[in-house]
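Report on one structure; see the data block that follows.
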Amino acid sequence: MKVLVIASDRLGAPSAATARAVTAGMQLGTVDLLAAGHASKDKGAAGRLLAGVEKVIHVTHADEFPPSTENLASLIARLAPGYRWILAVHDGFGADLIPRVGGLLATSPVTQVSAITDPVTLIRPVHAGQAMVRVVLERFPALLTIRPTAFPPAPMSSSPAPVMELECVQAVPSGRHEGFVSISSQRPDLSQAAIIVVGGQGLESSGSFAAVETLADRLGAAVGATRGAVDAGLASSDLQIGQTGRIVAPDLYIGLGVSGAIQHLAGIKDAKVIVAINHDPDAPLHAVADFSLVADLFDAAAHMGQILSKGIDIINLKHGTVR
Ligand SMILES: Cc1cc2nc3c(=O)[nH]c(=O)nc-3n(C[C@H](O)[C@H](O)[C@H](O)COP(=O)(O)OP(=O)(O)OC[C@H]3O[C@@H](n4cnc5c(N)ncnc54)[C@H](O)[C@@H]3O)c2cc1C
């Protein structure tokens, strides 16, 4: 039984998220990887080396660069009869693309799959992760998005899969693509980071994210934000973690001035150790935290900075020591 996995990255080589989608796909059947977008020739070539990929479908696009999700969706709908499952990562791209394919095939996608019990039985969160449901597939091809943090990345293989070229015709007139803006940062990527320092709306009184950024840089951590912080203009929306933001799975999550609303917790379910720093003892983040500090976040961040500058190990994790 065949699975079509859509590479999540439209720029550059396949990301760890694509490798995780391949792992999910392999739990269902044999995987073809569809790679489309800017620099997709290189991406297709690198995708050949993911263990478990039987074939790479490299989408070329003469007029449109890169293909819009409307046109990709119509291409995928044409390929659909050859597959029993069509699967993408639940990120901005996958969450845009898969419902469009669903519209064309008149099929409801099953989103944010977090476990695959067997090829027709899937587990996914509902109510912002407050409950998990078991979904039994009855209609095929089934359309899925997966939570990337729930699946390990597929390893690299030494025998490259063959590549098939396929042109994406611009069937649906869509808006003109003006280009991608790539945001470069010295900090680790949120979805891969082992340590994440997250700032909430509690930082509003300082008017900046400086306390979060300073602590993150000392720890070699990524910076994340709540929607409260994004809406308050303290952080950019690409840093938002949660139900409508990024899903993360760090070894260590430190929340500064984060209340711990369920929509935020939905994005940090897979964090191994949670540290909450909030002056309100009733803040919900304290209830899920492994370590709670009821304190002013600015004092706490400064003290952590002082401790770190003395080179003292502050947190001993199961998987090592964070300084
Ligand atoms: C459909 C939907 C989707 C959503 N998706 C998301 C999402 O993806 N991600 C997300 O984060 N939210 C999301 N939200 C919003 C969510 O419900 C909360 O409003 C948001 O998470 C609150 O952000 P916050 O914790 O920064 O702010 P607040 O709730 O305002 O909390 C700020 C906290 O800081 C503490 N604080 C203030 N000053 C200090 C200080 N000096 N020292 C220590 N502590 C201090 C306060 O005690 C408070 O607990 C969504 C909501 C909806 C309805």
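Every read-out reported here was derived from the displayed coordinates using simple, explicitly stated rules and does not represent laboratory data. Just so it is clear, the structure is predicted and the values come from calculations on it, not from any experiment. Every residue, glycine as well, gets a Cβ built from its backbone with ideal geometry; the counts of neighbours run over all protein chains shown.
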What is the percent of Cα-Cα separations in the range 195-322 that go past 25 Å?
-> 14
Search the structure for amide H atoms under 5 Å from the amide H of A193, placed 1.01 Å from N in the peptide plane, and list their residues when 5 or more places away or on another chain.
-> none
Find the lysine pairs in the chain meeting two conditions, Cα atoms under 25 Å apart and a separation of 8 or more places or different chains, and report how many there are.
-> 8
Note the angle between two axes, namely the Cα long axis of helix 92-105 and the longest principal axis of the Cα atoms of the chain, as a number of degrees from 0 to 90, rounded to the nearest 10.
-> 40
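Can you quote the Å³ per residue value for the convex hull of the Cα atoms in the range 2-167, rounded to an integer?
Enclosed volume per residue, from the Cα hull, is 98 Å³.
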Net charge over other residues, Cβ less than 15 angstrom from the Cβ of L122 (K, R count +1; D, E count -1) = +3
Rounded to the nearest 10 degrees, what's the angle between the helix 210-219 long axis and the longest principal axis of the chain, both from Cα atoms, 0 to 90?
-> 80
Volume of the Cα convex hull of the chain, divided per residue and given in Å³ = 140
With θ set to phi - 60° and the Karplus curve 6.51 cos²θ - 1.76 cosθ + 1.60, what are the ³J(HN,Hα) couplings of the range 265-275 in order, to the nearest whole Hz, using x for Gly and Pro?
-> 4, 4, x, 10, 3, 9, 5, 7, 10, 10, 10
Lys, Arg +1 and Asp, Glu -1 on Cβ, resulting dipole of the chain about Cα centre, debye, nearest 20 | 820
Taking amide H positions as placed 1.01 Å from N in the peptide plane, with prolines and chain starts having none, which residues 5 or more places from I57, or on another chain, fall under 5 Å of its amide H?
-> L33, L34, A35, M164
